[in-house]
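Read the structure below first, then the notes.
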Amino acid sequence: MRPVVWITRQLVQPAMDAVAADFDVITNPTDAVMDGDALVAASHQCDAMLICHSELITAEVAARLSPRLKIIANYSVGVDHVDLAACQARGIVVTNTPDVLSDATAEIGLLLLLGAARRAYEGDRMVRQGLWTTWGPTLMNGIQVTGKRLGIVGMGRVGQVLAKRARGFDMEIHYHNRKSLDETLVPGAIYHSTLESLMRSVDMLSLNCPATPDTERMINAQSLAWLRPGAIIVNAARGKLVDEDALIAALQSGHIAAAGLDCFVNEPGGNPKFAALDNVFLLPHLGSSTNETRLAMGQRALLNLNAYFRGEPPPDRLV
Ligand code: DGY
């Protein structure tokens, strides 16, 4: 008998087909986000779950999962939606999908940076709403990205790709990470052992680290003051990294010239206070959303499931 995999959301069809070729599959016909009770009910029907970051496996949910469930294969690189310790305590293996989404997410990081700096939202709105009635040398001037100092918080896989792409804009790369990386991985990049040193040294800041108890709300009133007036901040990582009220205040005062945000504390929906500001470029958590990457994420999750059920170590096992 083939193991049963519960796929909590509608993946791109080739990814659905690939999982169904190797396993018996149960799917979510409505594609609605599954809450804790629904996840617990599903766990009684399957040996494995393939979940997205929209499904929260809290400690309370993990404690109620069926003993039949052996592995949770995340269709995401971030796993802040899963209480790893609680899963480990239940003997449930947890995997994620690193590497395959780095290019797509770095693209969105650059899009956010360019969109915020060059006032993409205001420009798009002006043309769409028929408000573009004149052109002049002072029309909607933005901030040039080329040659500026870019600070990257979290020089993991996504951060490294972003740094590489940003070098194409002649940006000077600075980064803060738990440890400095080999020069070959981040050529020419300047390491800062503290967030304060990084933020005091750059013109533009990109968040590319995971959300953990150590990094949550790392961008707050105090740290925003470390950025120079007129700085730009972008977030394609997790909303929880930011104290949103503090960032909104800094955007309103002009201390932060513009922000580009793909992630919010509350998702879906985001924060209407950001939406009320012209100097914010907003996206609905699209970091990895290309057809190519969403298929690759499915294949990576499948790789982990197949390894586990063959009795081999899943390559992306976290616990
Ligand atoms: C990730 O993989 O963490 C992305 O945010 C999509 O879930």
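The values are calculated or read from the model by the stated rules, or taken from the named source; none is laboratory data. Computed from a prediction, not measured in an experiment: that's the story for all the values here. Every residue, glycine as well, gets a Cβ built from its backbone with ideal geometry; the counts of neighbours run over all protein chains shown.
Answer with yes or no whether R90 is outside the structural domain of D22 (by TED's automatic domain parsing) and of a type in the set (K, R). In short, no.
Conditions (1) under 28 Å from G168 (Cβ atoms); (2) out of contact with any Lys or Arg (no Cβ under 8 Å at 6 or more places or on another chain), marked per residue:
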position: L185; (1), (2): yes, yes
position: E196; (1), (2): no, yes
position: V202; (1), (2): yes, no
position: E216; (1), (2): no, no
position: I232; (1), (2): yes, yes
position: A236; (1), (2): yes, yes
position: D243; (1), (2): no, no
position: S253; (1), (2): no, yes
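In the range 1-89, counting only helices (runs of 4 or more DSSP H) that sit wholly within it, the ones holding 1 or more residues that are out of contact with any strand residue (DSSP E or B) (no Cβ under 6 Å at 6 or more places or on another chain) and of a type in the set (S, T, Y) span 36-43. Is it the case that the range 4-17 has a residue that's over 26 Å from G287 (Cα atoms) and away from the ligand (no atom under 16 Å from the Cβ)? Yes - at least one qualifying residue is present in the range 4-17.
Annotation note: Cβ proximity below 9 Å between a residue of the range 99-122 that is within 15 Å of I233 (Cβ to Cβ) and a residue that is of a type in the set (K, R) (sequence gap 6+ or interchain) occurs for G109/R165; L110/R165; A117/K148. Of the residues making up the range 199-222, those that are of a type outside the set (V, I, T) and either over 21 Å from the mean Cα position of the chain (by Cα) or on the phi > 0 side of the Ramachandran plot (or both) number 6. Residues in the range 229-266 that are under 23 Å from V158 (Cβ atoms), free of Cβ contacts under 8 Å to residues at least 60 places away in the same chain and of a type outside the set (A, V, I, L, M): G239, D243, E244, C263, F264, N266. Would you confirm whether or not the range 203-213 contains a residue that is free of Cβ contacts under 8 Å to residues at least 24 places away in the same chain and within 16 Å of the ligand (Cβ to nearest atom)? The answer is no; no qualifying residue exists.
Of all residues in the range 90-117, those satisfying the criterion of being among the small types (G, A, S), in a helix (DSSP H, G or I) and either within 11 Å of the ligand (Cβ to nearest atom) or surrounded by fewer than 22 Cβ atoms within 10 Å (Cβ to Cβ) (or both) are S102, A104. P284 meets each of the listed conditions (1) surrounded by fewer than 16 Cβ atoms within 10 Å (Cβ to Cβ); (2) more than 12 Å from the ligand (Cβ to nearest atom) apart from (2).
When the range 287-312 is filtered for residues that are away from the ligand (no atom under 16 Å from the Cβ) and either buried (at least 19 other Cβ atoms within 10 Å of the Cβ) or on the phi < 0 side of the Ramachandran plot (or both), the ones remaining, listed by number, are L305, N306, A307, Y308, F309, R310, E312. Taken as a whole, the condition of being crowded, with 19+ Cβ neighbours inside 10 Å and not β-branched (V, I, T) applies to A73.
Right, G188: more than 15 Å from I233 (Cβ to Cβ), surrounded by fewer than 24 Cβ atoms within 10 Å (Cβ to Cβ) and touching a strand residue (DSSP E or B) at 6+ places or on another chain (Cβ under 7 Å) or not? Yes; evaluated as a whole, the condition is true for this residue. Of all the listed residues (L318, L227, L261, L241), the sole one being within 16 Å of the ligand (Cβ to nearest atom), within 23 Å of S197 (Cβ to Cβ) and in contact with a Leu (Cβ under 7 Å, 6 or more places away or on another chain) is L241.
Pairs are defined by a Cβ separation below 8 Å, a sequence spacing of at least 6 or placement on different chains, a first member in the range 6-18 that is closer than 18 Å to T30 by Cα and in the same structural domain as D47 (by TED's automatic domain parsing), and a second member that is at pLDDT 95 or above and charged (D, E, K, R); the pairs so defined are T8/E55; R9/D31; R9/E55; Q10/D31; L11/R294; V12/R294; A15/R294. Taking the condition of being under 21 Å from the mean Cα position of the chain (by Cα) and free of Cβ contacts under 8 Å to residues at least 40 places away in the same chain, how many residues in the range 275-314 meet it? Total satisfying the criteria: 3.
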